[in-house]
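Working notes, beginning with the structure itself.
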Amino acid sequence: MPKHSPRQLDPRAPLVLDTRDLPRRPGALRELRRVVTAPADLGVELIGVPEGADLDLDLRLQSVSEGVLVSGTVTGPVRGECGRCLREIDDSVAVNVQELYAYEDSTTDETTDEDEVGRMQGDLIDLEPAVRDAVVLALPTNPLCRQDCPGLCPDCGVHWDDLPADHSHQQIDPRWAGLSQLTRTEE
Ligand SMILES: [Zn+2]
Ligand SMILES: [Zn+2]
């Protein structure tokens, strides 16, 4: 999946960075600390950053010979559902990003694999795909409310935490149930 998007970038989008005030001189540096609203779909099915939540950007933009290197951390809240008991999970996620974005007119295409380097649109950088990749990687594929969550009783659906230790359902294995009926008819 290419890291740059062919669509026209919106400079007001929360994860589009404007590098206008960063001199295009290798070594030039700008710090960028900003709180933005989280875009949609920042996560996986069971857990993710809620759309519109506060994302904390703590980034460094550094001019390199063919583009801008963006590095730093992105922190935000995550909300989800425990895969075992469906209880709500309230947590937070902090990810490191480090991505190189090539100037539109740089020759980077000739020297590197297209997929490895994002491309700027003028002075704009679309950080969203990199942040999304990092957040998705950092989230658990099987989120749990706590590591030792015992889950729900498969028969009554009550959380094991709320059930007495000796909780059980008297159950006859269906195969034996059939047998006991046979015995009964024979009597
Ligand atoms: Zn749970
Ligand atoms: Zn039960």
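Observations
- Taking amide H atoms as placed 1.01 Å from N in the peptide plane, the amide H of Arg84 lies under 5 Å from those of Cys145, each 5 or more residues away in sequence or on another chain.
- Per residue, the accessible area of the stretch 65-104 comes to 49 Å², computed with a 1.4 Å probe over protein heavy atoms only.
- Each residue of the stretch 53-67 is assigned a 3J(HN,Hα), and the resulting list reads 5, 6, 10, 8, 9, 10, 10, 10, 10, 10, 6, 10, 4, 10, x Hz, derived from the Karplus form 6.51 cos²θ - 1.76 cosθ + 1.60 (θ = phi - 60°), x at Gly and Pro.
- Using the Karplus relation 6.51 cos²θ - 1.76 cosθ + 1.60 with θ = phi - 60°, the per-residue 3J(HN,Hα) values for the stretch 93-106 come to 9, 10, 10, 9, 10, 8, 9, 9, 10, 7, 4, 3, 9, 6 Hz, with x marking Gly and Pro.
- Once the Cα-Cα distance is subtracted from the 0.36 nm per residue extended length, the Thr141 to His167 segment shows a gain of 6.4 nm.
The values are calculated or read from the model by the stated rules, or taken from the named source; none is laboratory data. Keep in mind that this is a model prediction, so the values were computed, not measured. Note: accessible area is taken over every heavy atom of the protein model, side chains too, but ligands, DNA and RNA are not part of it. Shrake-Rupley method; radii C 1.70, N 1.55, O 1.52, S 1.80 Å.
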